[in-house]
Amino acid sequence: MMPVRRDVHPHLPPERICDWHQRGRHVTHFINALSIFFPAGERFFMDSVRNYRDRIADPELKQAVAGFIGQEAMHTREHILYNRLLDDVGLPAGKLDSRVASLLNLLRKILPKSWQLAHTIALEHYTAMLAAGVLADPRQMGDSEPGYRQVWTWHALEETEHKAVAYDVWNVVMKPGPYRYFVRTFTMLTTTVTFWAMVFVFHVRLVMADKSCRNKLLGFGSVMNFLWGSPGTLRKMIPEWFAYFRPGFHPWDDDNRAELSRIAPLISEIEDTAIRAGASTRAPSIRSVA
Ligand SMILES: [Fe+2]
Ligand SMILES: [Fe+2]
């Protein structure tokens with residue numbers, strides 16, 4: 001599985017940023033809250049893998065690392081543009097993004113590089129689990145606004161394509177044994193608590209700031225149903241979350257590579273959608289993303 005960088009720029013109609021999901025504004029903002037994590041998060045992933053680049057001798061893994069970094073840089077760029085749409089309608093995406101950046105900068109300062117990479121492989125497992133759900137079940141966003149569905153599906157496909165890269169680096173650079181297992185699993189536990197606590201707070205902040213979001217309390221019920229009832233995005237992730245604690249775990253134990261045949265047709269669809277909307281298929285240039 002060799003990840004390659006693809007310069008993709010889905011067209012996101014700005015007027016739909018608060019209600020692009022088929023289940024309405026509350027679920028839209030739950031997924032928008034996830035988007036806020038990506039620019040700072042994926043920079044952290046790229047850096048923590050780059051820290052070990054010199055230690056990788058295997059040419060295939062070297063090439064996979066280059067593909068991984070290229071893909072995460074493209075995701076970062078597209079999520080910066082996505083999150084700007086939230087800021088443009090008065091939602092606090094920029095402010096929340098700088099909170100994520102500050103937290104990750106603190107981790108860069110206080111944690112050894114191995115622990116930084118451990119956070120990356122835990123969060124890459126999260127993105128792979130979320131991606132697998134989006135790809136396996138069209139009820140997750142199949143009837144949503146096409147551009148937003150496309151950006152998340154493209155991201156999900158590439159997260160699947162590179163899901164083992166950081167993990168393979170980890171296995172090469174960390175000596176096997178109880179300490180490696182402890183750091184990997186302990187970090188998954190702490191990441192689970194902090195990540196979901198932050199997603200919850202960010203989601204609430206977006207919903208509260210969106211003046212058109214009515215029935216705020218009832219809306220959280222619809223998100224709970226989406227996550228734990230039908231389609232049950234989080235409920236369905238539980239077995240894969242536990243799988244991470246197997247001593248011999250590897251991301252490709254869950255072999256969903258057949259999904260990757262969707263990448264080429266999706267990219268054509270993304271371009272068609274943008275052209276039909278009279279939008280550019282190329283991203284505007286923004287400050288360095290990698
Ligand atoms: Fe990504
Ligand atoms: Fe990733």
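Screening Val134 against (1) without any contact (Cβ under 8 Å) to a residue 40 or more places away in the chain; (2) β-branched (Val, Ile, Thr); (3) surrounded by fewer than 18 Cβ atoms within 10 Å (Cβ to Cβ) leaves a single unmet condition, (3).
Residue check: is Glu259 at pLDDT 95 or above, within 14 Å of Ala128 (Cα to Cα), open to solvent by 30 Å² or more (accessible area, probe 1.4 Å) and in contact with a Leu (Cβ under 9 Å, 6 or more places away or on another chain)? Can you show your working first?
On the way: at pLDDT 95 or above: yes; within 14 Å of Ala128 (Cα to Cα): yes; open to solvent by 30 Å² or more (accessible area, probe 1.4 Å): yes; in contact with a Leu (Cβ under 9 Å, 6 or more places away or on another chain): yes.
Answer is yes for this residue.
Filtering Ala73, Ala93, Ala118 for residues that are closer than 17 Å to Pro39 by Cα, open to solvent by less than 20 Å² (accessible area, probe 1.4 Å) and more than 16 Å from ligand 1 (Cβ to nearest atom) leaves a single hit, Ala93. Taking residues in the range 154-172 that are of a type in the set (A, V, I, L, M), and partners anywhere that are at pLDDT 95 or above and not in a helix (DSSP H, G or I), the pairs with Cβ atoms closer than 6 Å and at least 6 places apart or on different chains are Val169/Tyr52.
Taking helices (runs of 4 or more DSSP H) as the structural unit, those lying wholly within the range 152-239 and holding at least 3 residues that are over 28 Å from Asn256 (Cβ atoms) and open to solvent by less than 50 Å² (accessible area, probe 1.4 Å) correspond to 178-209, 216-224. Within the range 62-92, being more than 30 Å from Arg205 (Cβ to Cβ) and within 16 Å of ligand 2 (Cβ to nearest atom) holds for Ala64, Val65, Ala66, Gly67, Phe68, Ile69, Gly70.
Is it the case that some residue within the range 15-28 is within 16 Å of ligand 2 (Cβ to nearest atom) and buried (at least 22 other Cβ atoms within 10 Å of the Cβ)? No, the range 15-28 contains no residue that is within 16 Å of ligand 2 (Cβ to nearest atom) and buried (at least 22 other Cβ atoms within 10 Å of the Cβ). Of the residues examined, Met46 is not one that is in contact (Cβ under 8 Å) with a residue 60 or more places away in the chain, hydrophobic (A, V, I, L, M, F, W, C), closer than 20 Å to Gly147 by Cβ and within 13 Å of ligand 2 (Cβ to nearest atom). Could you please let me know if Arg43 is open to solvent by 20 Å² or more (accessible area, probe 1.4 Å), over 30 Å from Leu218 (Cβ atoms) and within 14 Å of ligand 1 (Cβ to nearest atom)? The answer is yes for Arg43. In the range 237-262, the residues that are hydroxyl-bearing (Ser, Thr, Tyr) reach residues that are open to solvent by less than 50 Å² (accessible area, probe 1.4 Å) with C-beta atoms within less than 6 angstrom, at least six apart or across chains, in these pairs: Tyr244/His125; Tyr244/Met188.
The values are calculated or read from the model by the stated rules, or taken from the named source; none is laboratory data. Keep in mind the model is a prediction, meaning the values are calculated, not measured. Note: ideal-geometry Cβ built from the backbone for every residue, glycine included; neighbour counts use all protein chains shown. Quick note on the areas: whole protein, heavy atoms, side chains included, nothing else; ligands and nucleic acids left out. Shrake-Rupley method; radii C 1.70, N 1.55, O 1.52, S 1.80 Å.
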